[in-house]
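The values are calculated or read from the model by the stated rules, or taken from the named source; none is laboratory data. Because the structure is predicted, anything quoted here is derived from the model rather than measured. Cβ coordinates were reconstructed from backbone atoms using ideal geometry, including for glycine residues, and neighbour counts include every protein chain displayed.
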Amino acid sequence: MRNRNYALLWWGQLVSELGNRFHWIAVSLWVYTITRSAAAVSLAVSAMFVGGLLVGLWAGAIVDRLDRRKILIVSDVVRAVLVAAIPPLMGVHLWLAYADLALISVATAFFRPAMFAVIPAFVGKRDILPANSFFTAMDTGTEILGPALAGIIAFKYGYALLLYSDALTYVFSALCLLGTSVSVMGESRIDRPDKQSMLNDIAEGFRYIRQDALQRQLFVLIFPAYLVGSGLNALATPLAKGVVGITDADFGTFNSVWGVGFLVASLLVGWFGDRVGKSELIIGGFFLGFASSAAMGMSRSLDTLLLTAFAVGFANTLNYVGLSTVILERTQQRVIGRVLATRQVALGTIRVLSPLAFGALGDAIGVRQSIWTMAAVGTLGTSAVVAFSPALRRIGSVGPPPGVSKIWKSFVTSANPEFDGNQQIRLNLGTLLIVALTWLGVALRYPVYSAGLLVAVLGVAYLAVSFKGRLWSALANLVEHMFRSTRERVGEIRGKHQSEPRPGRDRGKRLNG
């Protein structure tokens, strides 16, 4: 905090993120109270993220061309006005509130890449990991105080006061940014000719991601990995309020304990993150989040909701800190805005479509069943991406990555060269698809048993891969030892047999003598 610019950014975001917790509690509870529908809450959640999908790429190109500090200030002021307009719009028509939420997300689409782009300029490259970790600790630490306080305010004074308070926090953030002394510019007009259009800027961000193996694999990981967290944003409210039946104050506590997991994980990564591989943070965080989300779907009381919320928050922070650190370290400053914006478009797509899909599924088959299905799809999809992404599995490792061919052969290619390779691949892929669809059918009918089956199969597969080499080595040594012992025994018997006198020949010698 000795860095003045970073301190002002940190304090501004501390207050602003506290207001964001008010915003989320107010909107989700207000919409669910009016409609009692998971799909309606999903529409509100999707509207909160649609801006990244609509203008994310353009926002990234603008961030790289203009003063990022000014972009941050303008975005805060615009969001303050729009948030203050939500309460009167809710009284007119719900769809007007959805439209306002979408406009807020457009302003956020400019703010997020600009904020992350200024952090490396405010701190040195060696301090990116601790700065990012403590920034995340601040961000997620507001989850502890914000939702609990929001739940109390909502219970006593209603939802409108929460939204007006959120508008004031954006004003405070803009004032803090005005106090920073460094004007963080993107590429100047001298460095980048005017004739290069915005479309070329956007295309450059895509090319950068496509040409770098790690960036490309991290980009593909977005689609299955963020499916669960995005859908859970929409299903948590109907689960807690409609299925379990907790109060508004309890709902605030539920979200606060979620934040406790955020904070604990952020601080642990900030203190001990250099001892853990970034691949382990990212991949392990995602799979822990999938398991915790499925367990949340089984909750039948406030206590189990709180326990699983802590686990989900803890897991989400592990992958978030790992991913954001890798992106900031591995991306050139000249294109960082475009890369972040390109990722934001992909994230916006998932954050819009996943709540809509699983929210509608929740109204159709039940909220619990929708959460279990979502966790299963995320687990299977992420496993596939990780299996075929060597650079993702070896972030920071030295030496050439292992080829993907072994993994591919173990799943789909023919083990017998006498079979036609292409035909065998098609048959194996068809078999895997049938198995996956069958398992999904079991998951919808018997979710608990299907979860145990999935864990058992993955565990056996992991153990088989882990011990396969050791087992074959041990068997080979055992067989070699048995044959060596047998050969030695046979040799000893032959030696003794050859050294013993032959009775017939000896008698002849004695008689002749």
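Side notes on the structure shown:
- Matching option when the condition is within 24 Å of Leu53 (Cα to Cα) and either in contact (Cβ under 8 Å) with a residue 40 or more places away in the chain or in a helix (DSSP H, G or I) (or both), among Val264, Val243, Val260, Val220: Val220
- Residue in the range 32-40 that is under 24 Å from Met138 (Cβ atoms) and either under 25 Å from the mean Cα position of the chain (by Cα) or touching a residue at least 12 places away in the same chain (Cβ under 8 Å) (or both) present: no
- Which numbered condition Arg338 fails, given (1) buried (at least 23 other Cβ atoms within 10 Å of the Cβ); (2) modelled with pLDDT of 90 or more; (3) among the basic types (Lys, Arg): (2)
- Inter-residue pairs, beta-carbon under 7 Å, first farther than 14 Å from Val228 by Cα and in contact (Cβ under 8 Å) with a residue 60 or more places away in the chain and in the range 371-391, second part of a helix (DSSP H, G or I) and among the hydrophobic types (A, V, I, L, M, F, W, C), 6+ apart: Val385/Val220; Val385/Leu221; Val386/Ile283; Val386/Leu392; Ala391/Ala213; Ala391/Leu214
- Here Ala40, Ala102 are screened, and the one residue that is surrounded by fewer than 23 Cβ atoms within 10 Å (Cβ to Cβ), assigned by TED's automatic domain parsing to the domain that holds Ala360 and over 30 Å from Gln333 (Cα atoms) is Ala40.
- Residues of the range 280-312 satisfying the condition of being at pLDDT below 90 and crowded, with 18+ Cβ neighbours inside 10 Å: Leu281
- From Thr379, Thr325, Thr317, residue being more than 27 Å from Gly51 (Cβ to Cβ), assigned by TED's automatic domain parsing to the domain that holds Val63, crowded, with 21+ Cβ neighbours inside 10 Å and out of contact with any Asp or Glu (no Cβ under 8 Å at 6 or more places or on another chain): Thr379
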